[in-house]
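Remarks on the structure that follows.
Values quoted throughout were computed directly from the atomic coordinates according to the rules given, and no laboratory measurement underlies them. Worth saying up front: this structure is predicted, and the values here are computed from it rather than measured. As a convention, Cβ positions derive from the backbone with ideal geometry for all residues, glycine included, and neighbour counts pool all protein chains shown.
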Amino acid sequence: MNPSSEQISLSQLFLLMVAFETGSAIIFGIGSSAKQDAWLSILLSAAVGVALLLIYFWFMLRLPQQNFYQVMEYALGKPIGAVFIYLYAMYFFYICIRIDRDLIEIMKTTLLTKTPVEIMHLFFYILCMYLTSSGLQIIGRIGELFAPILMGFLFLIGVLLIADGDVSFNRLLPVMGEGIEPILKAAFPSVITFPFGELIAFTMFIPFTSQFSKARRVGVYGILASSLVLIFSCIIQIGTIGIDARSRATYPLLSAARILTIGNFIERIDALATFIMMLGIVIKVSVFFYSGLKGLEHLTKVRYTTFVIPMGLLFSVLSVVVSHNSAEHVYEGIKLVPYVLHIPFQIAIPCVLCGIVTWRTRKRTASGNK
């Protein structure tokens, strides 16, 4: 049974995916190790992201109206499936905490420099708790609202930087000057897993999308649109501050936005860039939070809304202690999380499940034909 509050339309799915994938990624220097070819690493990663999405749809189409948790239970059996469901729920919760920490690290250096971080974490999770408890449909509607604003503001910043003469497209040359190897190294695993592989969270509710038969095409369009937004952000960053400054900067889009001055009296456009990211992160955390809570619902048979407040309050505390400082947080996100968590949960386990589901459905079909 899927109440209407847990269904989203195709347009909501598309815009939710765009806001989800671009939310925090646009402000970081993703693919920076590829230097001026970072935009090519994003393009390559988007192609792999499409392939991953098609793998996710492979088992969703073979087991209609079943989310990823139900697929794991079908493929692995209840005892082993329950273990993996728990692990995925914890994975989604951990990513929630890390993304929230991303936002607060930026907020305390740009907008709310004197506000205690504990207060910022608490108020942020209160917002996410409200959205999540309201149901997936409300999250989808917020995505419909936030995604156009996010893309519009990013486009505005880019156009203003170009019009002000701050962007030099010569910094993007030469294309593939060092060959394809730096592009491949930048793409895997970093850019593939962040943000494209994170769409694994959508497998918890895509099967219940209205007009599910068209959801696969919409999902592919969502990845393509997201990649164009990220490539635009990447080009603006490189063209404005250069490849060396981009690789050193923790938040290159903020560094680029700080350069912009309109009429010698409008400055600190980096605050607008922070606002852009904040919109996307609200969506991103809400989706991960919802997906993790649905795992607890599946295991306990208790409606997920029961866990919203206690888990939200717990995460507001854990977000403070997950890393000792900003440098440690960034190091873990770049050097550890992609290998230890993202590759297994986004790529390895779904691929194995895809093979098991294919084998079991074929076996069931063969048995039915005898």
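Per-residue Cβ neighbour counts within 10 Å put Phe155, Phe345, Phe169 in the sequence Phe169, Phe155, Phe345, beginning with the fewest.
Karplus-based coupling profile of segment 270-280, in residue order and whole Hz: 4, 5, 5, 5, 5, 4, 4, 5, 4, 4, x, with θ = phi - 60° in 6.51 cos²θ - 1.76 cosθ + 1.60 and x standing for Gly or Pro. The residues Arg364, Arg258, Arg268, Arg101, when put in order of fewest to most other Cβ atoms within 10 Å, stand as Arg364, Arg268, Arg258, Arg101.
Compute the FRET efficiency between His324 and Arg217 as 1/(1 + (r/R0)^6), taking r as their Cβ-Cβ distance and R0 = 51 Å, and round to the nearest 0.05. All intermediate terms of the calculation are to be shown ahead of the outcome.
Working: r = 45 Å, r/R0 = 0.88.
It comes to 0.70.
In the chain, taking the dipole from charged Cβ atoms about the Cα centre, the farthest positive-side position among Met151, Met120, Ala201 is held by Ala201.
Dividing the alpha-carbon Rg of segment 1-82 by 2.2 N^0.38 Å yields what? Before the final figure, lay out each step's value.
Details: Rg = 17.1 Å, N = 82, 2.2 N^0.38 = 11.7 Å.
For segment 1-82, the normalised Cα radius of gyration comes out at 1.46.
Between helix 215-248 and the chain there is an angle of about 30 degrees, using the helix long axis and the longest principal axis of the Cα atoms.
Using Cα pairs closer than 8 Å and at least 6 residues apart in sequence, work out the relative contact order for segment 4-360, in percent. Each step should come with its number before you reach the end.
Details: 502 pairs, mean separation 146.3, N = 357.
Reported relative contact order: 41 percent.
With R₀ fixed at 51 Å, the C-beta to C-beta distance from Trp359 to Asn264 puts the FRET efficiency at about 0.15. The sum of -39500 (n - 2.57) across all DSSP H runs of n ≥ 4, divided by the residue count of the chain, sets its helix-only mean residue ellipticity at 222 nm to -23000 deg cm²/dmol.
For the residues Asp164, Asp102, Asp270, a GNM of the chain with alpha-carbon springs under 10 Å puts the largest fluctuation on Asp164.
Taking the C-alpha atoms only, the angle from helix 10-22 to the longest principal axis of the chain is near 50 degrees.
In terms of its Cα atoms, segment 264-370 spans 79, 32, 30 Å along the principal axes, sorted from long to short. Across the options Ile262, Ser210, Gly179, the greatest Cα extent toward the positive end of the charge dipole of the chain (unit charges at beta carbon of Lys, Arg, Asp, Glu) belongs to Ser210. Of the trypsin sites (Lys or Arg not before Pro) found in segment 277-312, the ones in coil according to DSSP and having at most 15 other Cβ atoms within 10 Å of their Cβ are Lys301, Arg303. Rg and Dmax of segment 154-310, based on Cα coordinates, read 19.7, 60 Å.
Where the only charges are on Cβ atoms (+1 Lys, Arg; -1 Asp, Glu), what is the dipole of segment 4-360 about its Cα centre, to the nearest 20 debye? Could you put the intermediate results ahead of the total?
Values: 23 positive and 20 negative charges, 144 e Å.
With only Lys, Arg, Asp and Glu charged at Cβ, the dipole is about 700 debye.
When the charge dipole of the chain is built from unit charges on Cβ atoms (+1 for Lys and Arg, -1 for Asp and Glu) and taken about the Cα centre, the candidate among Trp359, Ile97, His324 whose Cα reaches farthest toward its positive end is Trp359. Computed 3J(HN,Hα) for segment 76-92, one whole-Hz value per residue from the Karplus formula 6.51 cos²θ - 1.76 cosθ + 1.60 where θ = phi - 60°, is 9, x, 5, x, 5, x, 4, 4, 5, 4, 4, 4, 5, 4, 5, 4, 4, glycine and proline marked x.
The Cβ shell under 14 Å around Val320 holds other residues with a net charge of -2, Lys and Arg each +1, Asp and Glu each -1.
What is the total of Lys pairs in segment 4-360 with C-alpha atoms under 17 Å apart, excluding same-chain pairs fewer than 8 positions apart?
Values: Lys35/Lys185; Lys78/Lys294; Lys78/Lys301; Lys185/Lys335; Lys284/Lys294.
Lysine pairs satisfying the spacing and distance rule in segment 4-360 number 5.
Below 15 angstrom from the Cβ of Gly219, what's the summed charge of the other residues (Lys, Arg +1; Asp, Glu -1)? Don't jump to the answer; show the numbers that get you there.
Details: positive: Lys214, Arg216, Arg217; negative: Glu21, Glu198.
Around Gly219, the charge tally is +1.
For the chain, the normalised intensity computed at q = 0.09 Å⁻¹ comes to -0.50 (log10 of I(q)/I(0), Debye sum over alpha carbons, equal scatterers, no solvent).
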